[in-house]
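Beneath this line is the structure, given in structure tokens, with notes to follow.
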Amino acid sequence: MKVEVKRATIFPNEIHSGITLTQINTNPIGTSFAVSKIGKKYSVESIKIAQQNFSTTLGIQRNQLQFLEQVHSDRIHIVKEWTPNLSGDAIITSSKNLVLCISVADCVGITLYDAENQLIAGIHSGWRGTVKNIVGKTIQSMMIEFGTKPSKLLAFISPSASQQKYVVQNDVSSLFDSKYVCTIDSNIHLDVQKNVFDQLVESGVQLHNIECDKSCTISNNQFHSFRRDREMFGLNVVFIYKISAK
């Protein structure tokens, strides 16, 4: 079965990036790409099938899908080939044989492309990763290790929980600048996506080089949402790869 994706448009033709969709309309239980520690809806076997279908859709081998064990950290990996059991929340590669995969269900997924150095990167930034500025640290790693010029980077910010729907408590909101926090009907609401956008800009990425998909994962059932579905949630994949990975 073909996996439906929503493509990013900021990148040149040789770079494909975007986010997978849940496919509720064609698959009664939808499609998920990772097992959560508390999730009950998706079996290991169904996820293997989803990954295989995704690989087939992209025209690659399943072992070219590079996932991370995401732990809401600021840990960044630089890889040259497929590597199992990576624990962290950002990955950078110059490989033409890898599809970088970031699993999301309300958190923000970010993909980057450095044309001069032929680098791609995938980043997972929930509220914890955003507080730690994993986006800025990933760009800094690219600068130090490869000489990346932030002003030349292209960036895609995935759909995520919108401020209108994302309710938090004071212990979380107090970690953020007040410009990302508002009160609606006596509830505290947080705009993580806007904070991530600003971190890209503060790191030197040009405004016209950023594509931000403002679709809300909580209110749009094209996407998985932990906040909406709780123990029944699945995970979409924010991905990026070079066409030559095929």
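The values are calculated or read from the model by the stated rules, or taken from the named source; none is laboratory data. Here the structure is a predicted model, which is why all the values come from computation and not from measurement. Positions of Cβ are generated from backbone atoms using ideal geometry, with glycine treated the same way; all protein chains shown enter the neighbour counts.
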Touching a helix residue (DSSP H, G or I) at 6+ places or on another chain (Cβ under 9 Å), more than 22 Å from C101 (Cβ to Cβ) and either of a type in the set (D, E, K, R) or at pLDDT 95 or above (or both), is that true of Q206? yes
Tell me the strands (runs of 3 or more DSSP E) entirely within segment 72-126 that contain at least 3 residues that are in contact (Cβ under 8 Å) with a residue 60 or more places away in the chain and crowded, with 16+ Cβ neighbours inside 10 Å. 99-104, 108-114, 119-125
Looking at I24, I38, I47, I29 in this structure, which one is out of contact with any strand residue (DSSP E or B) (no Cβ under 7 Å at 6 or more places or on another chain), part of a helix (DSSP H, G or I), at pLDDT below 90 and within 18 Å of F233 (Cα to Cα)? I47
For L68: the one exception among (1) at pLDDT below 80; (2) touching a Gly at 6+ places or on another chain (Cβ under 6 Å): (1)
S17: passes all of (1) modelled with pLDDT of 85 or more; (2) in a loop (DSSP other than H, G, I, E, B); (3) under 17 Å from the mean Cα position of the chain (by Cα); (4) not β-branched (V, I, T) but (2)
For residues that are surrounded by fewer than 18 Cβ atoms within 10 Å (Cβ to Cβ) and among the small types (G, A, S), scanning just segment 199-226, find the one that is farthest from R7 (Cα to Cα). G204
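Criterion first (buried (at least 22 other Cβ atoms within 10 Å of the Cβ), in contact with a helix residue (DSSP H, G or I) (Cβ under 8 Å, 6 or more places away or on another chain) and either over 23 Å from I10 (Cα atoms) or in contact (Cβ under 8 Å) with a residue 40 or more places away in the chain (or both)) does V168 satisfy it?
Taking the combined requirement at face value, the residue does not satisfy it.
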Could you list, in sequence order, the residues of segment 175-198 that are farther than 20 Å from R7 by Cα, in contact with a strand residue (DSSP E or B) (Cβ under 8 Å, 6 or more places away or on another chain) and not β-branched (V, I, T)? F176, Y180, C182, N187, H189, L190, D191
With criteria (1) in contact with a helix residue (DSSP H, G or I) (Cβ under 8 Å, 6 or more places away or on another chain); (2) farther than 26 Å from G234 by Cα; (3) not hydroxyl-bearing (S, T, Y), H124 comes up short on (2)
(1) modelled with pLDDT under 95; (2) within 27 Å of Q64 (Cα to Cα); (3) of a type in the set (D, E, K, R): which one isn't true of K137, the others all being true? (1)
Exclusive hit being under 24 Å from Y113 (Cα atoms), touching a residue at least 40 places away in the same chain (Cβ under 8 Å) and crowded, with 19+ Cβ neighbours inside 10 Å, set L153, L190: L153
